[in-house]
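Report on one structure; see the data block that follows.
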Amino acid sequence: MEPYSNLEVDVNGEETFIVDKKIIAQYSGKFAKLFGKSSGARGKLKVIFNDFPGGAEGFELMLRFCYNNGTIDITPSNLLLTRCAAEFMEMKESVAGVSNLLEQTEKTLQEMNFWTWSGLLIALKQCQNVSSVTGSSVVLEKCLDTLVGRLVLASEASPCPSTCSTDSSGIRFSCDSKSTESIKTNSSRTTWWFEDLLFLSPLSVEMLVKSMISRKLDHVVIGKFLLYYQKAKFSTSTTDEKCKIIEMVLDMHYNMDHGSISCKNLFGILRVTLSLNISKFSRNKLENMIGSHLDQATLDNLLVPSPYGIRYLYDVNLVLRILKAFLHGGTSLVTPIQMRKVAGLIDLYIAEIAPDPCLKTSKFLALATALPDSARYSYDELYHAVDMYLEVHAQLSQEDRVKVCCVINYEKLSPQACLHLSQNTKFPPKSAVQALVSQPSKLNNLLRLTPGTTPYNNSPCSSGKEDKTGEQDVLYDENFNVSADNEKLRTHLQGMQCRVMELEKICKKMQSQMAKITKSKVSGQSNARSLPKLCS
């Protein structure tokens, strides 16, 4: 090499190369611009590159091309660095009929469809290792697109049997030793590729899944992969990395068919996020997805502990937000069956949290009134929850007790629950009055069908005497059974006959008084008396 051709090149401070600038300038537009006018200059020159893509390794690949008369073996492991170096050095000119380096890398990109599965994985790993290299996104996108195309073909046919060769077909499908091992270790033939892609970063997985969605790969399979990826990566991830993974998984699920993930798995993700500070945006997405599956949830799913600093035993605010998501868009979007399932679930939840002494009345009422009246055939379970709440919260004012009792539709209580309510001292008297007045026919039928009881016209109250032998028996029970042998129960029911007749008289008296009030309004006089204020 002649002295004037010597050129010292410092690449990113990693390594210094002594090159012939004339040879390099033939193929590199950047070198030609730098030294084209000073090719006759003597002395030693030095060039410093502080941002050469791929560093010394990328520069060496470029040199190999130049010193080998424009030929180089481009493989999956060096495609990315070779292409990025070609772009950086502006290697767009062909010499002596030989394709320039950019053209050769582009041709290799176009032939990627014929690579083996292991070749694709090698190229992807290279992209992961040098993700900061300018121009790497083009190769990454091409690799991911090719990989997704391979998976689509596999799903349309079936994954290759473990005996097939890497070169057994024109497309060289995922049948090398690595993917074969994956097939053997996974029971489902649709998940053989999951383990192979665990090296991908959350950002790369996001790009992969978006490509899968656009290519209409089965959303259920995609959802399984996302959960597999999340669980596998969590074992070695930092807290910040876990947040990024969870947020990516939630974002991708939110863009897919919500039926692609089960309610159980959504609550599993929810419990994982309790110890992570994920974004409010991602948390809202998770709660909205859970809301769309709420009719499939169980009581255990909803019993999520309260966040640190909240005195409630369970996270009531979370359940309220999920209920809001369930009702999002109006009840017209929710089927009656779904509505009743959710109502039953919420009643069980209310009964579970009612004994919590820290539970505020406002939260109890918000849960009890969140669903429309039509969602419940029976209010027995909610009555049971109210009964427990009033027992634990004995310090409630009379006004608050009335508010709590107003959540019950007494017309939808069973006769057994009404009988229990009538003797329930925790309920305000006006609530018991309304419950019994609302269902006289049901109580009459229950009494007539009870062996050994006396009908209304033969009840003890007809003689003006009151039976004081009955005790405050607890009649409310899911398996309530009226037995002829139960003397105490018969005595109680006979006493109730008198109570019902008295309440019927009170009801008639109320109606008469209301008629008088109406007349007095017409005449301009108000003779209204103080009437019991009943819940609407």
Revision key, fill the gap. In the stretch 64-106, residues that are among the basic types (Lys, Arg) and crowded, with 21+ Cβ neighbours inside 10 Å total 1
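Within the stretch 311-324, which residues are open to solvent by less than 70 Å² (accessible area, probe 1.4 Å) and assigned to a loop (DSSP other than H, G, I, E, B)?
Start the filter on the stretch 311-324 by keeping residues that are open to solvent by less than 70 Å² (accessible area, probe 1.4 Å), which leaves 312, 314-320, 322-323.
Of everything in the stretch 311-324, those that are open to solvent by less than 70 Å² (accessible area, probe 1.4 Å) and assigned to a loop (DSSP other than H, G, I, E, B) turn out to be Tyr312, Asp315.
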Review point. Does the stretch 279-302 contain any residue that is closer than 20 Å to Cys358 by Cβ and surrounded by 16 or more Cβ atoms within 10 Å (Cβ to Cβ)?
Key: yes
Review point. Taking the condition assigned to a helix (DSSP H, G or I) and either within 28 Å of Asn50 (Cβ to Cβ) or of a type in the set (Asp, Glu) (or both), does Glu106 pass?
Key: yes
Review point. Does Lys242 meet the test of being modelled with pLDDT of 95 or more and either open to solvent by 50 Å² or more (accessible area, probe 1.4 Å) or assigned to a helix (DSSP H, G or I) (or both)?
Key: yes
Practice item. Within the stretch 357-371, identify whether any single residue is touching a helix residue (DSSP H, G or I) at 6+ places or on another chain (Cβ under 8 Å), among the β-branched types (Val, Ile, Thr) and under 25 Å from Tyr314 (Cα atoms), and answer yes or no. Key: yes
Study note, to complete from the structure: Within the stretch 359-394, the count of residues that are surrounded by 13 or more Cβ atoms within 10 Å (Cβ to Cβ) and closer than 18 Å to Arg311 by Cα comes to 11
Check your understanding: Among Leu276, Leu217, Leu226, which is the only one that is modelled with pLDDT of 95 or more, among the aliphatic types (A, V, I, L, M) and open to solvent by less than 40 Å² (accessible area, probe 1.4 Å)?
Key -> Leu226
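Just for the stretch 191-239: of the residues that are basic (Lys, Arg) and outside any helix (DSSP H, G or I), which one is nearest to Gly268 (Cα to Cα)?
Out of the qualifying residues, it is Lys216.
Do we find that Leu299 is in contact with an Asp or Glu (Cβ under 9 Å, 6 or more places away or on another chain), under 24 Å from Ile346 (Cβ atoms) and modelled with pLDDT of 95 or more in this structure?
Here the answer is yes, as Leu299 does meet what is asked.
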Review point. Is there any pair with a first residue in the stretch 180-198 that is among the hydrophobic types (A, V, I, L, M, F, W, C) and a second that is at pLDDT 50 or above and open to solvent by 30 Å² or more (accessible area, probe 1.4 Å) whose Cβ atoms are under 9 Å apart and which are 6 or more apart or on different chains, and what are they?
Key: Ile183/Arg189; Phe194/Lys224; Phe194/Tyr228; Phe194/Ala232; Leu198/Tyr228; Leu198/Ala232; Leu198/Lys233
Point to revise | Filter pass, Tyr379 being touching a Ser or Thr at 6+ places or on another chain (Cβ under 6 Å) and among the aromatic types (Phe, Trp, Tyr) | key: no
Study note, to complete from the structure: The residue that is surrounded by the most Cβ atoms within 10 Å (Cβ to Cβ), considering only those in the stretch 249-273 that are of a type in the set (Val, Ile, Thr) and over 26 Å from Thr335 (Cβ atoms), is Val249
Practice item. Return only the number of the condition from (1) within 39 Å of the chain's Cα centre (by Cα); (2) within 20 Å of Asp356 (Cα to Cα); (3) of a type in the set (Ser, Thr, Tyr) that Tyr377 does not satisfy. Key: (2)
Exercise for review: Look at Glu87 and say whether it is over 14 Å from Val138 (Cα atoms) and assigned to a helix (DSSP H, G or I).
Suggested key: no
Practice item. Could you tell me which residue of the stretch 372-386 is farthest from Lys341 (Cα to Cα), considering only residues that are of a type in the set (D, E, K, R) and touching a helix residue (DSSP H, G or I) at 6+ places or on another chain (Cβ under 7 Å)? Key: Asp380
Study note, to complete from the structure: The number of residues in the stretch 46-84 that are part of a helix (DSSP H, G or I) and either among the polar types (S, T, N, Q) or within 17 Å of Val9 (Cβ to Cβ) (or both) is 16
Practice item. Report yes if Tyr308 is assigned to a loop (DSSP other than H, G, I, E, B), at negative phi and surrounded by 14 or more Cβ atoms within 10 Å (Cβ to Cβ), otherwise no. Key: no
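The values are calculated or read from the model by the stated rules, or taken from the named source; none is laboratory data. It should be emphasised that the depicted structure is a prediction, and the values quoted were computed from it without experimental measurement. Don't worry about glycine lacking a Cβ; one is built from the backbone with ideal geometry, like all the others, and counts go over all protein chains shown. When the accessible area is computed, the model is the full protein with side chains, heavy atoms only, and any ligands, DNA or RNA have been set aside. Shrake-Rupley method; radii C 1.70, N 1.55, O 1.52, S 1.80 Å.
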